Structures are given as C-alpha cells and as structure tokens.
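Below you'll find the structure, written out as structure tokens, and then a few comments.
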Amino acid sequence: MTIQRIDNPEIRKKQILLAAEAALGEKGFHNILLDDVARYANVSKGTLYLYFQDKDDLFDALFQSIASDINARMASLPDLGTLSPIQQLRRITEEQLVFFREHKEFFSQISLTKPEIYGKRTGGALRLHFAKYVRFLAEKIRAAVQSGELREHDPNLGALMLMALFRMFFLEASLLEPGVSAPLTLETAWDFFLRGVGREKRP
C-alpha cells in the first residue's frame, strides 16, 4: 500500500499516521522500520522526522489519534437520550464494531499483543484509554441495572464481560478466511450477554 503524496502539512501528517497504521497491520510493531512507514506514506524518511521524533513518538501519535476518533464517534451518536439504557449499550457496541472494522488490521494487532510491547508511553496511554472505556460502559450498565433491564451485578465486571465478548466477536470475524461467515453474529453475542448459557433454577 502506497499513499498518494499531498503537500499540505496537516494532511501529510495524517497520511503518515495512516501509513503507520497500514504498516502495523501488515508487519506488526516490532518488524516495522521508519523506512517502511516512509515508503507507505510516499515521503522521505527525513520528512517523518519533521513530524515525529522517533518510532515510539510516531506510534504514540497514531494510538492517540485513533483513541480520539473513537471517543468522538461515541460522543456524536445521535438520539442516545431517547433510548433505554440497554438500547444505548447496544447502539454503542454496534458503532464500536463499525469503527473496529474500519481499522481492522490495527485492532487485530492491538488485541493480540500486550500494551507494554508498544513502549512505556504508548502502553500507558493504551491502559488509560482501556480504563476510561470500562468506566464509560460501566455507567451505561449501572443505568440498565437501575432501570431493571439487567439483573444486579458489578457494573465494572459487566463492562469487562461485554468488552471481552465483542472483542472475540471482532477477532473471529477478522481472522477468518475471505468468504467464510463467522458463526458468532451480533445477535448471538447480545443473547450471550443478556441471557448467558446457564440453566440455573430459581426459587
């Protein structure tokens, strides 16, 4: 993949980040050289240093950019206030999966590696973003519990379970061969979250 070169500095910086994302998906973090990113972005290696100090600085900027994009996407969802808490949760996860698919290779790499691999600064940023998103989902789950749409449980654990379930849904779909349908559908994933798989007898 090579990106057409544009001379506007802000657009060029965005192109470099897109190139870094593409290189990450194809090569993995440890195998990427700045030469690879320069080639993908259709710029000289020297041009990269006009925007980023080193590889860690470049990928820190990439992760911050994607985190900012997904936060903005979640914040701009229309009509959430007209939905019940559980409907809000469903709408949020649907949009999250759309975003994940738009950045398929990136999230596949992130999901399969530990944050520390990306360096102290970027790894720390990933952990902070993860904790923030857990709190965001936990607030929605707490509201669903209070409304009676979900049974009583720890909202933080519920958020982690929901994230894990949809992470597996995304990974399964992204790792399948082209043309192969994933057995876990969005409807199935939601059914598992809402009902579980147990057959506990209630008094």
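No lab work stands behind these numbers, since they all come straight from the coordinates. None of the values given here were measured: they were computed from a predicted structure. Every residue, glycine as well, gets a Cβ built from its backbone with ideal geometry; the counts of neighbours run over all protein chains shown.
Provide the gained length on full extension for the span residue 94 to residue 130, in nm with one decimal, where the gain is 0.36 nm per separating residue minus the Cα-Cα distance.
Values: separation 36, 0.36 × 36 = 12.96 nm, distance 1.80 nm.
Full-extension gain reported as 11.2 nm.
How would 110, 16, 11 line up from fewest to most surrounding beta-carbon atoms within 10 angstrom?
Ordered from fewest to most neighbouring Cβ atoms within 10 Å, 110, 16, 11 come out as 11, 110, 16.
What ranking of 153, 30, 103 emerges when the number of other C-beta atoms within 10 Å of each C-beta is taken as an exposure proxy, fewest first?
The fewest-first ordering by Cβ neighbours comes to 30, 153, 103.
Once the other residues with Cβ under 10 Å from the Cβ of residue 190 are scored (Lys, Arg +1; Asp, Glu -1), what is the net sum?
Local charge sum for residue 190: -1.
Output the relative contact order of the stretch 1-52, whole-number percent, from Cα pairs under 8 angstrom with separation of 6+ residues.
Taking the mean separation of contacting Cα pairs over the length of the stretch 1-52, I get 44 percent.
What does the charge count near residue 85 come to, summing +1 for each Lys or Arg and -1 for each Asp or Glu among other residues with Cβ under 9 Å from its Cβ?
Values: positive: 140, 142; negative: 149.
Around residue 85, the charge tally is +1.
Read phi for every residue in the stretch 131-142 and hand back ³J(HN,Hα) as whole Hz from Karplus 6.51 cos²θ - 1.76 cosθ + 1.60, θ = phi - 60°, with x for Gly and Pro.
5, 5, 6, 4, 4, 4, 5, 4, 5, 5, 5, 4
Quickly work out the residue 156-to-residue 44 label distance, labels modelled 7 Å from Cα along the C-beta direction, and quote it in nm with one decimal.
Those two pseudo-labels are separated by 5.2 nm.
Which peptide among 77-83, 47-53, 126-132, 34-40 comes first, and what is the full order, when sorted by highest mean count of other Cβ atoms within 10 Å? Present the calculation step by step, with values, prior to reporting the outcome.
Numbers: 77-83: 10.6, 47-53: 15.9, 126-132: 14.0, 34-40: 18.6.
Put in order of decreasing packing, that is 34-40, 47-53, 126-132, 77-83.
Just subtract the alpha-carbon distance of residue 65 and residue 147 from 0.36 nm times their residue separation and send over the number in nm, one decimal.
On the way: separation 82, 0.36 × 82 = 29.52 nm, distance 3.51 nm.
Contour length minus Cα-Cα distance gives 26.0 nm.
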